[in-house]
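Before any comments, here is the structure.
The values are calculated or read from the model by the stated rules, or taken from the named source; none is laboratory data. From a predicted model like this one, the values you see are computed outputs, not experimental measurements. Methodologically, a virtual Cβ is constructed for each residue, glycine included, from the backbone with ideal geometry; neighbour enumeration extends over all protein chains shown. With ligands, DNA and RNA removed, areas are computed over all heavy atoms of the protein, side chains included. Shrake-Rupley method; radii C 1.70, N 1.55, O 1.52, S 1.80 Å.
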Amino acid sequence: MNLPNILTMSRIVMIPVFVVIFYLPYGWSYVTAAAIFALAAATDWLDGYLARKLDQSTPFGAFLDPVADKLMVAVALTVLIDEHHSIILTIPATIIICREIVISALREWMAEMGSRGSVAVSYIGKIKTTAQMVAIITLLAFPPGMPGATLGVVVLYLAAVLTLWSMVLYLRAAWPDLFPKVPESSEQENH
């Protein structure tokens, strides 16, 4: 067990903490839940940085890091869908959650095929993650109907568009492995 892995696990532990605090019937619960989510999001950057800097990358960390990220985002978006009761927020949140499931399955399948490198994280994926985190933190901090919540929804739509764009890039990179070309001689034999 090393520091990057401890930070990654702390992100998972923070999930129920920010959910419980978010639902507390106090005025400070929104901002506090947003601060805890922001701290968890910061550990995502920090654990990767430390793993590289300290040369402490491990198979366990490589497995757990994306799991922690996806759990954190999916739970936060689910809480926000419940809180806002709005199709306007539900649409981009659903797009983001569905994309995460599709890409996770794609990465797992590509790893089994020995082609995981062809679905590596792209620059668009990093921008998408940043927009997603900003949107979620903003939406957690401001109750529905406040101007900050409106800004959060706008940024969530931006994150959803970037989510779809990055998914297309992943699928294009994986396309040759998903649909390998059949040699012409094999096609003629099947006729």
Matching option when the condition is hydroxyl-bearing (S, T, Y), open to solvent by 90 Å² or more (accessible area, probe 1.4 Å) and either in contact with a helix residue (DSSP H, G or I) (Cβ under 8 Å, 6 or more places away or on another chain) or on the phi > 0 side of the Ramachandran plot (or both), among Y30, Y23: Y23
Scope segment 2-22; condition touching a residue at least 40 places away in the same chain (Cβ under 8 Å) and closer than 30 Å to F142 by Cβ; matching residues: L7, T8, M9, R11, I12, M14, I15, F18, V19, F22
Filtered residues of segment 58-85 (kept if small (G, A, S) and in contact (Cβ under 8 Å) with a residue 60 or more places away in the chain): A68, A76
Qualifying residues in segment 125-150 (those that are part of a helix (DSSP H, G or I) and farther than 20 Å from T94 by Cβ) - the one modelled with the lowest pLDDT: K126
Segment 141-170 residues that are without any contact (Cβ under 8 Å) to a residue 12 or more places away in the chain and within 19 Å of I81 (Cβ to Cβ), paired with ones that are surrounded by 15 or more Cβ atoms within 10 Å (Cβ to Cβ) and among the aromatic types (F, W, Y) (beta carbon under 9 Å, 6 or more apart): G148/F142; T150/F142
Residue identified as open to solvent by 70 Å² or more (accessible area, probe 1.4 Å), more than 20 Å from A62 (Cβ to Cβ) and modelled with pLDDT of 90 or more among L158, L162: L158
Lone unmet requirement of (1) loosely packed, with under 14 Cβ neighbours inside 10 Å; (2) under 20 Å from A33 (Cβ atoms) for P92: (1)
Members of segment 1-51 found to be under 22 Å from T130 (Cβ atoms) and small (G, A, S), listed by number: S10, A33, A34, A35, A38, A40, A41, A42, G48, A51
Qualifying position, being at pLDDT 90 or above and closer than 14 Å to N2 by Cβ, among L46, L71: L46
Scan of segment 33-43 for residues that are touching a helix residue (DSSP H, G or I) at 6+ places or on another chain (Cβ under 6 Å) and either touching a residue at least 60 places away in the same chain (Cβ under 8 Å) or over 22 Å from I127 (Cβ atoms) (or both), ordered by number: A33, A34, I36, F37, A38, A41
Residues (more than 27 Å from V102 (Cβ to Cβ) and either of a type in the set (S, T, N, Q) or open to solvent by less than 80 Å² (accessible area, probe 1.4 Å) (or both)) located in segment 33-82: A33, A34, A35, I36, L46, L50, Q56
